[in-house]
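The values are calculated or read from the model by the stated rules, or taken from the named source; none is laboratory data. Source: prediction; values computed, not measured. Neighbour counts are summed over all protein chains in view; Cβ atoms, including those assigned to glycine, are modelled from backbone coordinates with ideal geometry.
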């Protein structure tokens, strides 16, 4: 299948464990000048040929919210289809805060499944993404509070948000120990001191780690410039064959930086100004305190909110849905930007509201309102709910059109037979952005 790579010039394909994280990977590649399209389902070879100049593509999945058994059932056919495109680099894109557990979103299960389809002696793992405020030091992950903000940096198991995540709380910062509970494969570490050596010495260290039985190679990184040598290593390890790697958008950044340095790809130096969008619609299923603060800021700065009733989410109550849509429409008609949400972490109910139920509910609301032509820019907030919302809206693919906040680009949606088709969409993870994020999304300016 190697000729497929040459014919289509596709350098990389990634599978994202949620939608917001997938648009983060889309951005890192697009900024490097790698023309990339993000799909909701693994594309056929025929569909890929419809995108002239395509050099990378992604699939926005929802495996972060699935059990290990459901993950394997989803990932196995997806990886096999991706393999048919003959692409050299296959990246399973995870959240830069390593959101996972042995029972939900298991990164270990993703590694095991990928290794079945793309057999190699080891799987590179890069969690760090310095541009997002994610740093890996001696195997321990550190994260800034908020992406695109000036928040403090915390060790992951002491992070005010991630240590208290409602689904996958981070109770350990050493990623080797985290993975030990998710896969039987041994994880070795290329630490920050080894990474600073010459390339021949780095390769010797890698050989030593592999001889010790490591099937997964965790790679430290603290500074963005360190990703270039990591990209070079990934390219070498591919060696003309499919290389399966796991990690944050740092994988795409590493390869992009190396390709830029080699002159294979020219980085994008200037993007068109998206401008102000008028009233925007925000749908949020995020439970992050970062998003809570953003909603509070927006409401105090001329945004309006519509809070979904619990019975609507749990019972799919049509009357409550109609009320939410009507209230949002009235406000948009008055020129007000609107945030539709379920009260985030402040929800008092202890009932378990699934990401699928909430995501699909928000997607239906956005689609119904779009049919009235009341907005042209949509923000979807929340990693666990975003994939379900996008599917409910009929989106099949998105392409980056402009940067907003690092990790959350502005995109154009392709959604045939849906009023969402052609609209500007922005997918925002719960941890992304400063308090004024939604104002930035409305104006298109930092």
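The table below lists the values:
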quantity	calculated
Candidate set from the range 258-267 (those that are outside any helix (DSSP H, G or I) and touching a helix residue (DSSP H, G or I) at 6+ places or on another chain (Cβ under 6 Å)); member that is surrounded by the most Cβ atoms within 10 Å (Cβ to Cβ)	265
Number of the condition not met by residue 160 [criteria: (1) outside any loop (DSSP other than H, G, I, E, B); (2) surrounded by fewer than 18 Cβ atoms within 10 Å (Cβ to Cβ)]	(1)
Tally of residues being outside any strand (DSSP E or B), modelled with pLDDT under 95 and surrounded by fewer than 23 Cβ atoms within 10 Å (Cβ to Cβ) across the range 402-415	1
Of the criteria (1) part of a loop (DSSP other than H, G, I, E, B); (2) closer than 27 Å to residue 98 by Cα; (3) in contact with a strand residue (DSSP E or B) (Cβ under 7 Å, 6 or more places away or on another chain), which one residue 399 fails	(1)
So residue 397, is it out of contact with any helix residue (DSSP H, G or I) (no Cβ under 7 Å at 6 or more places or on another chain) and crowded, with 18+ Cβ neighbours inside 10 Å	yes
Which numbered condition residue 435 fails, given (1) surrounded by 20 or more Cβ atoms within 10 Å (Cβ to Cβ); (2) in a loop (DSSP other than H, G, I, E, B)	(1)
So residue 226, is it closer than 19 Å to residue 141 by Cβ and assigned to a loop (DSSP other than H, G, I, E, B)	no
Wholly within the range 25-141, strands (runs of 3 or more DSSP E) carrying at least 2 residues that are under 18 Å from residue 12 (Cβ atoms)	36-39, 56-60, 89-93, 123-126
Members of the range 10-50 found to be touching a strand residue (DSSP E or B) at 6+ places or on another chain (Cβ under 9 Å), closer than 27 Å to residue 240 by Cβ and surrounded by fewer than 18 Cβ atoms within 10 Å (Cβ to Cβ), listed by number	47
Whichever residue in the range 239-257 is touching a strand residue (DSSP E or B) at 6+ places or on another chain (Cβ under 9 Å) and in a loop (DSSP other than H, G, I, E, B) and, among such residues, is farthest from residue 425 (Cα to Cα)	242
Options 358, 362: the member that is in contact with a strand residue (DSSP E or B) (Cβ under 6 Å, 6 or more places away or on another chain), at pLDDT below 95 and either surrounded by 22 or more Cβ atoms within 10 Å (Cβ to Cβ) or not assigned by TED's automatic domain parsing to the domain that holds residue 437 (or both)	362
Every pair of residues 6+ apart whose Cβ atoms lie under 8 Å, when the first sits in the range 64-84 and is free of Cβ contacts under 8 Å to residues at least 40 places away in the same chain while the second is surrounded by fewer than 24 Cβ atoms within 10 Å (Cβ to Cβ) and part of a helix (DSSP H, G or I)	66/74; 80/117
Residues of the range 201-223 classified as over 22 Å from the mean Cα position of the chain (by Cα) and either in a loop (DSSP other than H, G, I, E, B) or in contact (Cβ under 8 Å) with a residue 40 or more places away in the chain (or both), total	5
Residue 73 vs. criteria out of contact with any helix residue (DSSP H, G or I) (no Cβ under 7 Å at 6 or more places or on another chain), surrounded by fewer than 20 Cβ atoms within 10 Å (Cβ to Cβ), outside the structural domain of residue 382 (by TED's automatic domain parsing) and over 30 Å from residue 401 (Cα atoms)	yes
